[in-house]
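A short worksheet on the structure shown next.
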Amino acid sequence: MAASPAFAGCGLPEITGSRALHEFLSLRAVEVVRRAANPDDQLAVLVAPSASFSLGGGDVGRPLGTGVDGARELARTMKADTYRFLGWDYMDMPADACSKRKVEVEFIDNQSKSVSRVEFTFEAGLVVSAEGWERSFETGQL
């Protein structure tokens, strides 16, 4: 039987490096959007009640609300079917998993050809804000 992972003081897995923390929080941001897009009673364990959400488009900012309702509105507005985030391609420095950290994830709606680049701020593993901007995109073969 495998040993269960050790957890840091804030309830996150014991993560000590920047690379692992970046990947963990980026995937947590994806999980927040995935849960927000579907009925899920567990979303509140990932989002602070006062967390603010916004997604601008064109030249207009759009506040979307706070807490779980704000997260649900973000997911509804983006209508994403895929995501992308860049890896940690730097020296792997020590990191405190419970500290305030930011990650950026792109959520893509391939049907409407729009991408939303969202910066999530985490404190103790909870989303405390998510601010992004929606843009159109084109792709093609080279």
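Derivation of every value follows stated rules applied to the coordinates shown; laboratory data play no part. Worth saying up front: this structure is predicted, and the values here are computed from it rather than measured. FYI the Cβ positions are ideal-geometry reconstructions off the backbone, even for glycines, and counts take in every protein chain you see.
Round to the nearest 0.05 the FRET efficiency obtained for Met93 and Glu123 when R0 = 30 Å and r is the Cβ-Cβ distance. Write out the running numbers ahead of the final one.
Working: r = 19 Å, r/R0 = 0.64.
The computed FRET efficiency comes out at 0.95.
So in the stretch 6-142, what percent of DSSP beta bridges are antiparallel if you round to the nearest 5? Don't skip to the answer; put the middle values down first.
Details: 28 of 35 bridges.
Among the beta bridges of the stretch 6-142, antiparallel pairing accounts for roughly 80 percent.
Can you list the aspartates and glutamates whose alpha carbon is less than 15 Å from that of Lys113, not counting same-chain residues fewer than 8 positions off?
Those aspartates and glutamates meeting the cut-off are Asp81, Glu134, Glu138.
Loop-only chymotrypsin sites (Phe, Trp or Tyr not before Pro) in the stretch 27-104, please: DSSP not H, G, I, E or B, and at most 14 other Cβ atoms within 10 Å. The partial results should precede the final answer.
Values: sites: Phe53, Tyr83, Phe85, Trp88, Tyr90; in loops: Phe85, Trp88, Tyr90.
Counting only loop positions with at most 14 other Cβ atoms within 10 Å, the chymotrypsin sites (Phe, Trp or Tyr not before Pro) in the stretch 27-104 are Tyr90.
Cα axis of helix 18-37 to longest principal axis of the chain: angle in degrees, 0 to 90, nearest 10?
Approximately 50 degrees, to the nearest 10.
Please list, in chain and number order, the residues 5+ apart from Gly132 or on another chain whose amide H is under 5 Å from its amide H, with Hs placed from the backbone.
Ser54, Leu55, Gly56, Glu119
In nm, to one decimal, how far is the modelled label at Cys10 from the one at Asn110, with both set 7 Å along Cα→Cβ?
Distance between the two pseudo-spin positions: 3.4 nm.
Simple spin-label model, 7 Å along Cα-to-Cβ: Arg34 to Arg19 in nm?
2.3 nm
Residue by residue through the stretch 62-75, which ³J(HN,Hα) values in whole Hz follow from phi under the Karplus form 6.51 cos²θ - 1.76 cosθ + 1.60 (θ = phi - 60°), with glycine and proline marked x?
Listing the rounded values in order: 10, x, 10, x, 10, x, 4, 4, x, 5, 5, 5, 4, 4 Hz.
Given +1 on the Cβ of Lys and Arg, -1 on the Cβ of Asp and Glu, and no further charges, what dipole in debye does the chain carry about its Cα centre, rounded to the nearest 20? The partial results should precede the final answer.
Numbers: 15 positive and 20 negative charges, 31 e Å.
The dipole magnitude comes to about 140 debye.
Quick check: pseudo-label points 7 Å beyond the Cα along Cα→Cβ at Lys100 and Leu86, how many nm apart are they?
Placing both labels 7 Å along Cα→Cβ, they lie 2.3 nm apart.
From the Cα trace of the chain, what convex hull volume per residue do you get, rounded to a whole Å³?
On the way: hull volume 22.3 nm³, N = 142.
With only Cα atoms used, the chain gives 157 Å³ per residue.
So how do 102-115, 120-133 stack up, highest first, on mean other-Cβ count within 10 Å?
Working: 102-115: 16.7, 120-133: 20.3.
In decreasing order of mean packing, 102-115, 120-133 become 120-133, 102-115.
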